Amino acid sequence: MNSQETASNRLDALIIGAGFSGLYQLHCLRDKQGLNARVLEAGEGVGGTWYWNRYPGARCDSESHVYCYTFSKELTEDWNWSERYPGAAEIVSYLNHVADRFDLRRSIDFGSRVVSAQFSESDNGWCVEDHTGQRHYAQFLITAVGCLSSANVPDIEGLGDFAGAWYHTGQWPHEGVDFAGKRVGQIGTGSTGIQAAPVIASTAKHLSVFQRTANYSVPARNHVLTPDQRSDHKRDADAIRQLTRSNSNGHGWRISDRRALDTRDAERQAIYEKAWTTGGLKFRSAFSDLLSSKQANDTAAAFIQGKIRNLVKDPVTAASLADIDHPYAAKRPPIDTQYFETFNQDNVTLVDLRKTPLLRVSENGLVCRASNSEGHAVEQEYNLDILVFATGYDAITGTLLRLDIRGRHGVTLKQAWSSGPRNHLGLQVAQFPNLFMITGPGSPSVLTNMPAAIEQHVEWISNCIAYMKHHNYTLIESPETSVDSWVNQTNAEANKTLLPTVKHSWYLGANIPGKPRMFMPYAGGLDRYRDICNQVAIENYQGFEFS
Ligand code: NA7
């Protein structure tokens, strides 16, 4: 690295990504601390995850009055959400409004994809290269790349032969896709597939949903917010903020103290009925023991499976949809608008891949292995015009690893994480000084309402940098001992729950072939995590080393 070049244009902080985290991090460092901070963003606009995820039905599962920043009263006051859950387009509008309101765009390079980041021992800083070969120098490097931003397109034989069009939901064309009169195949029945199927089926000639693993889903009960509901949210903004900042999940509701196993059958059933009618992720707040006791969880699972069997008219389809192999909410629990009801439409078919496994993509569509009336294996071809991959992401670590980040002595993040992601407090990796991760592995992230987790991380990182500037420290780093201790705590928290018991969970990296299996998010709750981080800061950032 040319040190003259470095000195002349070195930033205090370089932030990767202009979604919820990157925008707030920029605001905190540039506007509140007067630092020279800049954002590199691969997209042509702000929005992060929501910039790319424009698939049909794309909508947040958090309620709109909590899926937003809380740091500015004026911002809360002047923004109006239109529905109980914000749709993708409205979230992008909100983030554009934030970018304008705080004049953030002038510090963002759009269309700038980071291809590598190298720590320099001589400069105690980072050299970041974008796809054009341009180099950017900064004392601090902060990744704000989101947890679900690297699309997982499965390596299915023959995809190159398909004569129709195919799309991954996480890289959806901005001009949209017209399904009218088309035969559509959708692979995947996670949160995304469950949102997309009813919308695709509303215009497609035919939709075939290829289901590998059946999934729970609870009705979202989305609705347009009335003027009264909107003004209640504004009036109660302080209390809502206090709640989202003090509970375990960052949502606007607390998990009940009541235990399912201590509740009599009739009462428990009534509680589930009420939660089903209310709808949304709040269903899982019905009892405290749903994620700690399999027996308790079975009661929720049986309730939802009963609902599925009632909602779906064809008994064979209903049985396939309700034949769920994991505890409720041990995988990310979807919420839906008319998902199960969609299978009652004449133009919708469920293909159960457990009974008829997917063999390959052909020129005409998808080929599965079925059996004929004599029980002999035969190939069954589904003719399709459009194939939709709702197959998820290389979650949490995927994008970080693709950035080709190199720490001390050229060690790559891939090498440091060869057996799974390891860091201190979810924030810092040993041998990678002055690198901070927002909502990376080892932090509550995807187990919470993301903006609540993001605000906590951004504020902690900003305070830490302010502390360093105040004390004239130029370098912060986490020793291996701190990393070991945090990894042990993260594993211990996960093992208190049913979360790591699911074989095919992206929380564990199990959806990506070859990815090391390790439960990635911190499962001890955002409230506990916040307390731990605050205590570390109070004790002069104990567990970190400064120089
Ligand atoms: P998910 O939750 O990872 O779901 C992906 C779905 O795709 C799931 O049903 C997978 O089945 C299925 N899948 C993946 N690969 C294949 C192949 N090769 N063949 C058949 N089926 C496959 O991703 P989403 O986008 O739905 O949700 C991600 C998060 O976004 C969500 O949790 C929210 O936080 C928002 P599997 O279950 O692995 O058998």
Self-check item: Neighbours by Cβ (under 9 Å, 6+ apart or cross-chain): first from segment 217-234, in contact (Cβ under 8 Å) with a residue 24 or more places away in the chain; second open to solvent by 50 Å² or more (accessible area, probe 1.4 Å) and part of a loop (DSSP other than H, G, I, E, B)
Solution: Pro219/Thr337; Pro219/Gln338; Ala220/Thr337; Arg221/Thr337; Asn222/Thr337; Leu225/Asn80; Arg230/Asn80; Lys234/Asn80
Quiz prompt | Candidates His206, His233, filtered to the one that is in the same structural domain as Asp385 (by TED's automatic domain parsing) and away from the ligand (no atom under 16 Å from the Cβ) | solution = His206
Exercise. Pick out the one residue from Arg245, Arg258 that is farther than 18 Å from Asp61 by Cβ and in a helix (DSSP H, G or I).
Key: Arg245
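Matching residues to (1) open to solvent by less than 20 Å² (accessible area, probe 1.4 Å); (2) in contact with a strand residue (DSSP E or B) (Cβ under 7 Å, 6 or more places away or on another chain):
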site	(1), (2)
Leu290	yes, no
Ser320	yes, yes
Tyr339	yes, no
Leu358	no, yes
Gly365	yes, yes
Quiz prompt | Entirely in segment 1-112, the helices (runs of 4 or more DSSP H) that have 3 or more residues that are at pLDDT 95 or above | solution = 20-26, 49-52, 73-78, 88-101
Quiz item: What are the residues in segment 292-304 that are touching a residue at least 60 places away in the same chain (Cβ under 8 Å), open to solvent by 20 Å² or more (accessible area, probe 1.4 Å) and part of a helix (DSSP H, G or I), if any?
Solution: Lys294
Exercise. Give just the number: which of (1) touching a helix residue (DSSP H, G or I) at 6+ places or on another chain (Cβ under 6 Å); (2) open to solvent by 40 Å² or more (accessible area, probe 1.4 Å); (3) acidic (Asp, Glu) does Asp314 not satisfy?
Key: (1)
Practice problem: May I ask you to list the residues in segment 366-412 that are at positive phi and within 16 Å of the ligand (Cβ to nearest atom)? | Solution: Gly392, Ile396
Self-check item: Contacts under 6 angstrom Cβ, first residue in segment 150-169 being part of a strand (DSSP E or B), partner away from the ligand (no atom under 11 Å from the Cβ), 6 or more apart
Solution: Ala151/Gln171; Ala165/Ile386; Trp166/Leu387
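The values are calculated or read from the model by the stated rules, or taken from the named source; none is laboratory data. Quick caveat, the model's predicted, so the values are computed rather than measured. Counting neighbours? That spans all protein chains shown, and the Cβs are built from the backbone with ideal geometry, glycine included. Note: accessible area is taken over every heavy atom of the protein model, side chains too, but ligands, DNA and RNA are not part of it. Shrake-Rupley method; radii C 1.70, N 1.55, O 1.52, S 1.80 Å.
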